[in-house]
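Working notes for the structure below.
No lab work stands behind these numbers, since they all come straight from the coordinates. Here the structure is a predicted model, which is why all the values come from computation and not from measurement. All Cβ positions, glycine included, derive from the backbone under ideal geometry; neighbour counts span all protein chains shown.
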Amino acid sequence: MISPENIHRILIAVEDSPYSDQAVNYGVLLAGSMGSKIILVHADEIPVASPYSADPLLNESPVMIPELMHIQEEASKNLFKRLKQQHGDKVEIETYSRIGRAQDEILSVADECKADMIILGTHGRTGFDHFISGSVSESVARKAKCPVLIIPKPEKK
């Protein structure tokens, strides 16, 4: 049974978007009311030199570009800095920046940190867009070992 006294670590998947900001707002509100810590995770796909830089038949890995890695690290740092400035006075915040498939990295950090809850924003894609891109939130919800709260796309004002 979930109760405030057993939710100590809330993991929130973040990106630089209004969907993510809304998820963080909910997470901070919950964490503040329960005295929980927030764990922010930002995951990016592996940057490669080109889609043809690796031959899967030869079991070659994609070539990672250091410049793109640096850009990704800086983007994560800036995102975490902004979120800590906005919410750091309300709750304790820990951050993780990962490279890989978002759903895999979110679940990995959740296991590593022993998250008691995961909060995700959703883009609200449907139809063909959903088919092509899949849904990180659906995948995480199916595979997570803890409760997952999915915050719907913000309503337009």
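Using 0.36 nm per residue, how much length does the chain from residue 82 to residue 145 gain when fully extended, once their Cα-Cα distance is taken away?
Working: separation 63, 0.36 × 63 = 22.68 nm, distance 2.92 nm.
Taking residue 82 through residue 145 to full extension adds about 19.8 nm, to one decimal.
Highest first, please rank the peptides 108-114, 39-45 by the mean number of other Cβ atoms sitting within 10 Å of their residues.
Working: 108-114: 16.4, 39-45: 22.0.
Descending packing order for the listed peptides: 39-45, 108-114.
For residue 73 and residue 155, what is the calculated FRET efficiency with R₀ set at 41 Å and r taken between the beta-carbons, to the nearest 0.05? Mind showing how you got there, number by number?
Values: r = 33 Å, r/R0 = 0.81.
Using R0 = 41 Å, I get an efficiency of 0.80.
Using R₀ = 22 Å, calculate the FRET efficiency as 1/(1 + (r/R₀)^6) where r is the Cβ-Cβ separation of residue 17 and residue 104; round to 0.05. Provide the component values of the computation, followed by the final result.
Details: r = 20 Å, r/R0 = 0.90.
The computed FRET efficiency comes out at 0.65.
Hey, can you grab everything whose amide H is under 5 Å from the amide H of residue 148? Only 5+ residues off in sequence or another chain; H modelled, so Pro and N-termini drop out.
Residues meeting the criterion, in which the H sits 1.01 Å from N, are 118.
Amide H neighbours of residue 100 under 5 Å, at least 5 residues apart or on other chains, H built in the peptide plane: list them.
Counting only residues 5 or more places away or on other chains, the set is 44, 45, 46.
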